[in-house]
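First the structure, in the form of C-alpha cells, and then the observations on it.
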Amino acid sequence: MSEYRSPVPLPGPGVTPPEVYREIYPMPMFVILPTADLEASKDFWIRGLGFIDLFSAPGQVTHLRRWAFQDVLLVPGDQPAEAPGMSTSFSCVLDEIDQIARRCEDLRPGSTAEPVVKPWNSLELEVITPEHARVVMTAARVFDPDGPEAANVRAMGIEVPRG
C-alpha cells in the first residue's frame, strides 16, 4: 500500500473538509478558463464555490484554489456562449453540497441543478459558472458493502467484501 495520503477525507457524517491549501507546488492538473469578466468570475468562484484567490496578476490571470490539487486559472478571453458537454469535477464533503448550491443560487439564480446520487456512490451538484464552465462538486457517500452501489460495483466485476 502506498504511503501517499489523499487530501480528500474519507466519507462519513459530519466529516470536516480539509483547509484550503496555500502552498505553491508543481500542479499535476489544473483548469484554465477564459472569461469576459475576471472580477465577476473570481467573485462567483470564491463566494459560490468556496475557492480562494491564491494570487492574481490584474488583467492577466487569477489563480484560484480550494483543496490541494484543486486549481483553476481564470484568464481574460472569449468564453463559449453555452456550457460544453465536458465537465470538471472537484471533491467536497457531503455537508458542503447544500451550502455550495445555496451560495451559487444566491449569486446566479438558475446556476445549479438538483444534487444527484450517482451509481458510483457519490452525490453530485452540477454548477454552470459565469464563464459557462460545467463544474461538478462531487461528494463521496458512505459505502455500504451490502447496498445497491456495492451491487453495481460487483456487477462490473470488481470484488467488494461484504459487510
Original post:
Which ones in the stretch 3-44 are modelled with pLDDT under 90 and basic (K, R)?
Top reply: R5
**OP:** List every residue pair whose Cβ atoms lie under 7 Å apart, where the two residues are 6 or more positions apart in sequence or sit on different chains, the first residue falls within the stretch 104-125 and is farther than 20 Å from M156 by Cα and in a loop (DSSP other than H, G, I, E, B), and the second residue, located anywhere, is open to solvent by 60 Å² or more (accessible area, probe 1.4 Å) and not hydrophobic (A, V, I, L, M, F, W, C).
**Re:** A113/E126
Original post:
Quick one: is E149 crowded, with 18+ Cβ neighbours inside 10 Å and assigned to a loop (DSSP other than H, G, I, E, B)?
Top reply: no
Original post:
Which is hydrophobic (A, V, I, L, M, F, W, C) and under 30 Å from I158 (Cβ atoms), of A57, A139?
Top reply: A139
Original post:
Is it true that H63 is open to solvent by less than 70 Å² (accessible area, probe 1.4 Å), without any contact (Cβ under 8 Å) to a residue 40 or more places away in the chain and within 14 Å of I32 (Cα to Cα)?
Top reply: yes
Original post:
Applying the selection to the stretch 108-131, what residues are surrounded by fewer than 17 Cβ atoms within 10 Å (Cβ to Cβ) and modelled with pLDDT of 95 or more?
Top reply: R108, P109, G110, A113, E114, V116
**OP:** Scan (1) surrounded by 11 or more Cβ atoms within 10 Å (Cβ to Cβ); (2) in contact with a Lys or Arg (Cβ under 8 Å, 6 or more places away or on another chain) for the single condition G85 breaks and write down its number.
**Re:** (1)
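The values are calculated or read from the model by the stated rules, or taken from the named source; none is laboratory data. Just so it is clear, the model here is predicted, and its values are computed rather than measured. Here the Cβ is made from the backbone with ideal geometry for all residues, glycine too, and neighbour counts use every protein chain on show. Keep in mind that these areas ignore ligands, DNA and RNA; they rest on the heavy atoms of the full protein, side chains included. Shrake-Rupley method; radii C 1.70, N 1.55, O 1.52, S 1.80 Å.
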